[in-house]
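A.B. asks: Got a structure here, written out as structure tokens. Questions coming.
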């Protein structure tokens, strides 16, 4: 096996950007495994263990690794430590010596550390020729521990078919590797063999296991060297047939900032300096108040009545929300701010109703019309904008709203080239007006207060609800008696 | 300089005139410049004016940055978690998987809830987009797209359409038909066109406008009906990976995050970058507004999530732990903003107390990276999408 020198190992196939997302994680894992192996600095004991007729060199128990992780990374739950350890194993930094599946167990199972030559940070992308050489080599060595697993035997068969023409070459390479390996001493070979196997467990994982070499395609374009010269694990010269991976095309070379760019930056910074900002203490109070106010509405914090549909499989909660009568809790929310009231369609309706009763609904109707304008397809915008002008702002408009002369001027200017945002100023002005005036009155109104205290509305208040006094009487009597006898009487009369 | 013949070591676009030609690699005030020989001559004639102005502008910019940092620093009178000490701790959460949505043949890359609180749309590396009734696990619609890696999908506010896009550099809108036998892909309408992959998409408050983010470094606002570009947003210097619209009824802003480690807040009307935050140490994979719209959170490959307040114009909290070393791919808030859910590349979901900065809980279950986490519109459930080909509903 061509165990390269440390230098060779470090450069691997291509030079990765040190701060690319993958490298950041690799370096963190490498830091962890380096610390674990440092016995003098509180690391675990790596020992040779005697077993039956032989010795197992350089191993550590899973339980020791879990303990170390809990102690040194401030992990309280062993499950978390096992999970993290399993991920470090899945990336190939530690491995069980008698299993192809790379997970960490919190028991006496033996684990070994991977050689830095094989670390993922070297950006290996081993070709199938290398894998073929490896499997072929394994079949040549008469050792029980090197017997191929079923999936490996299947892989080998497939590779033999795929590389039928160059199999002689592969066979020769495998023989050469076996020769090199024989020269090494027994203990060293055990270790190297297991490390090599772990390497292939990462790059050709057991079917059903996660392939941790899979990359997020959005992050693939970071390689400095787009035309990767692929380095063989076994030093096989590149026969020129390997194409640069199509996903490793270099991204747009980052432009050096031009004068215009820097000038824009300066303008931006000046704007930021002029901005009036709040102190963190004030902002913190505001965040806390908001959260406090809404926590009773947050199902994860306060639960939900009668039950969370996802937990109980009962959709009653949703049916109740959709019903025409909003709950007291929901009505209370409308009192938090005008925004909250308008966010809820029921709140919007009630506010509109109240304004209609005061004959001052034009403000809200204008606000709603402008919201609607912003949501129209482009080609309808111009016409709709004109309609809004005619309805609310033109001379003698049927729903004339009260705008200060400045906003009025601005808006009529905007309408010369009507767009989705022509009414922004006006809308903001009207919103402030409603907030300071009619919204406050709405909250004090009967309409709102009745809903808030869940008082049943007096039927006489509505047109449809005009009932005779006899009916009113019998209704109230019927409620106080166990009404069957009386209502029976009523029905018959 | 003008009279010498020179050995051209590189060939490419000139830094000054952009024409491709043999380049002279020279240094002006220790800054490397690659000009074609003509531009070098011009520069020499102008007596180094060009080099000087760029350098002095850069100096001005640096000074302003320092000044801004100073000014903002004066407002940093206390840490959020210190103020939050007086708040009661959140009760222990015991979220469990309540539904597992199986059906995708490859990594699930994105998902979005429908406003009806139970339906959702998901998209996958295998090119399929599925609309589910997550409550009954029923697959209601399936759309097969011609390209793989559908990285972005969104549900229209009306519930009558979905948007999806990815490696095809486009974002398309597909109307959802009540007729199950209809081939939805045939009705697909291309709306957004970028020059690189589409990383995120969102309908603004109506079915008529679509906001997209792209690997080409820009965000864009589109009119769905005509496909016209209404506004484009330039400012990021690398791929934009995520965007989120401000939750306000009256606001017109959104936030975006990208591979340049910056989170930018934009005005949709003017296309201007209003505010910018740069404190992460690696790609920002996801940004999400706090429910009040006054702040937002970000998830990054540096394994931290951060909380930024717009009024203080600074980062006010960092959510991190020694044991969390894998990047965060997605974040979302619970309804009140008290809890922050973050999905990570180590297959777990962490739950944070936003105010106190501590981790409340960790969710195991997925067998590969989490690509997206989203709280349902009424806050009753959390959905997570993963590279293990499934989606999970937690409550």
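The values are calculated or read from the model by the stated rules, or taken from the named source; none is laboratory data. As the structure is a computational prediction, the values presented were derived from the model and not from experiment. Counting neighbours? That spans all protein chains shown, and the Cβs are built from the backbone with ideal geometry, glycine included.
A.B. asks: Mind telling me which of the residues B:301, B:223, B:313, B:239 ends up being crowded, with 24+ Cβ neighbours inside 10 Å and in contact with a helix residue (DSSP H, G or I) (Cβ under 8 Å, 6 or more places away or on another chain)?
C.D. replies: The conditions single out B:301.
A.B. asks: If residue B:278 meets every condition in (1) within 10 Å of chain A (Cβ to nearest Cβ); (2) under 17 Å from the mean Cα position of the chain (by Cα); (3) surrounded by fewer than 19 Cβ atoms within 10 Å (Cβ to Cβ) apart from one, which number is that one?
C.D. replies: So residue B:278 meets the others, but not (1).
A.B. asks: Being modelled with pLDDT of 95 or more and farther than 19 Å from residue B:110 by Cβ narrows it down to one of B:210, B:221, so name that one.
C.D. replies: From the options B:210, B:221, the qualifying one is B:221.
A.B. asks: Related question: Filtering the range B:228-244 down to residues that are more than 11 Å from the chain's Cα centre (by Cα) and closer than 29 Å to residue B:160 by Cα, which residue is farthest from the other protein chains (Cβ to nearest Cβ)?
C.D. replies: Once the filter is applied, the top-ranked residue is B:232.
A.B. asks: Within the range A:98-107, is there a residue that is in a strand (DSSP E or B), modelled with pLDDT of 95 or more and closer than 25 Å to residue B:363 by Cα?
C.D. replies: no
A.B. asks: For the range B:322-347, name all the residues that are more than 7 Å from chain A (Cβ to nearest Cβ) and more than 23 Å from residue A:297 (Cβ to Cβ).
C.D. replies: B:324, B:328, B:329, B:330, B:343, B:344, B:345, B:347
A.B. asks: Could you please find all residues in the range A:57-87 being facing chain B (nearest Cβ under 9 Å), under 25 Å from residue A:213 (Cβ atoms) and either under 23 Å from the mean Cα position of the chain (by Cα) or surrounded by 19 or more Cβ atoms within 10 Å (Cβ to Cβ) (or both)?
C.D. replies: A:69, A:80, A:81, A:83, A:84, A:87 - these are the residues of the range A:57-87 that are facing chain B (nearest Cβ under 9 Å), under 25 Å from residue A:213 (Cβ atoms) and either under 23 Å from the mean Cα position of the chain (by Cα) or surrounded by 19 or more Cβ atoms within 10 Å (Cβ to Cβ) (or both).
A.B. asks: What residue, of B:211, B:229, is in the same structural domain as residue B:275 (by the TED database) and under 30 Å from residue A:340 (Cβ atoms)?
C.D. replies: B:211
A.B. asks: Run residue B:378 past the list (1) buried (at least 24 other Cβ atoms within 10 Å of the Cβ); (2) in a loop (DSSP other than H, G, I, E, B); (3) facing another protein chain (nearest Cβ under 10 Å) and report the number of the one that doesn't hold.
C.D. replies: Going through (1) buried (at least 24 other Cβ atoms within 10 Å of the Cβ); (2) in a loop (DSSP other than H, G, I, E, B); (3) facing another protein chain (nearest Cβ under 10 Å) one by one, residue B:378 breaks only (1).
A.B. asks: Moving on to the next point. If I filter the range B:105-131 down to residues being assigned to a strand (DSSP E or B) and without any contact (Cβ under 8 Å) to a residue 60 or more places away in the chain, which single residue comes out as surrounded by the fewest Cβ atoms within 10 Å (Cβ to Cβ)?
C.D. replies: Filtering first and then ranking leaves B:128.
A.B. asks: Please determine whether any residue of the range A:182-202 is within 45 Å of the chain's Cα centre (by Cα), closer than 24 Å to residue B:149 by Cα, surrounded by 15 or more Cβ atoms within 10 Å (Cβ to Cβ) and modelled with pLDDT of 90 or more.
C.D. replies: Yes.
A.B. asks: Just checking, how many residues over the range A:401-423 are touching a residue at least 24 places away in the same chain (Cβ under 8 Å), within 12 Å of another protein chain (Cβ to nearest Cβ) and surrounded by fewer than 20 Cβ atoms within 10 Å (Cβ to Cβ)?
C.D. replies: Qualifying residue count, the range A:401-423: 2.
A.B. asks: Could you list all residues from the range A:108-131 that are in a helix (DSSP H, G or I) and farther than 14 Å from residue A:201 by Cα?
C.D. replies: Within the range A:108-131, A:116, A:117, A:121, A:122, A:129 qualify.
A.B. asks: I'm trying to understand the selection: among the residues of the range B:279-303, which are over 16 Å from residue B:339 (Cβ atoms) and in a loop (DSSP other than H, G, I, E, B)?
C.D. replies: Listed by number, the residues that qualify are B:279, B:280, B:281, B:282, B:283, B:293, B:294, B:301, B:302, B:303.
A.B. asks: Give the number of residues within the range B:359-373 that are out of contact with any helix residue (DSSP H, G or I) (no Cβ under 8 Å at 6 or more places or on another chain) and either assigned to a loop (DSSP other than H, G, I, E, B) or buried (at least 22 other Cβ atoms within 10 Å of the Cβ) (or both).
C.D. replies: Total meeting the criteria: 10.
A.B. asks: For the range B:1-85, please list each of the helices (runs of 4 or more DSSP H) lying entirely inside it that holds at least 2 residues being modelled with pLDDT of 90 or more and under 30 Å from residue A:289 (Cβ atoms).
C.D. replies: Counting at least 2 such residues, we get B:49-75, B:80-83.
A.B. asks: Please indicate, with yes or no, whether at least one residue in the range A:438-451 is within 14 Å of another protein chain (Cβ to nearest Cβ), surrounded by 14 or more Cβ atoms within 10 Å (Cβ to Cβ), at pLDDT 95 or above and part of a helix (DSSP H, G or I).
C.D. replies: Scanning the range A:438-451 turns up at least one residue that is within 14 Å of another protein chain (Cβ to nearest Cβ), surrounded by 14 or more Cβ atoms within 10 Å (Cβ to Cβ), at pLDDT 95 or above and part of a helix (DSSP H, G or I).
A.B. asks: Now, a different point. Residues being at the interface with chain A (Cβ under 7 Å from one of its Cβ atoms), in contact with a strand residue (DSSP E or B) (Cβ under 8 Å, 6 or more places away or on another chain) and in contact (Cβ under 8 Å) with a residue 24 or more places away in the chain: count how many of those fall in the range B:301-321.
C.D. replies: Qualifying residue count, the range B:301-321: 3.
A.B. asks: Could you please give the count of residues in the range B:64-122 that are more than 11 Å from chain A (Cβ to nearest Cβ) and on the phi > 0 side of the Ramachandran plot?
C.D. replies: Final tally of qualifying residues: 1.
A.B. asks: Which of the strands (runs of 3 or more DSSP E) contained wholly in the range B:160-227 include at least 3 residues that are over 19 Å from the mean Cα position of the chain (by Cα) and touching a residue at least 12 places away in the same chain (Cβ under 8 Å)?
C.D. replies: Ranges flagged: B:170-175, B:189-193.
A.B. asks: Follow-up question, since we're still on this one. Residue check: is residue B:315 more than 23 Å from residue B:164 (Cα to Cα) and in a loop (DSSP other than H, G, I, E, B)?
C.D. replies: So residue B:315 fails the test.
A.B. asks: I've got another one for you. Given the residues B:173, B:131, B:162, which is the only one that is out of contact with any helix residue (DSSP H, G or I) (no Cβ under 7 Å at 6 or more places or on another chain) and within 14 Å of chain A (Cβ to nearest Cβ)?
C.D. replies: B:173
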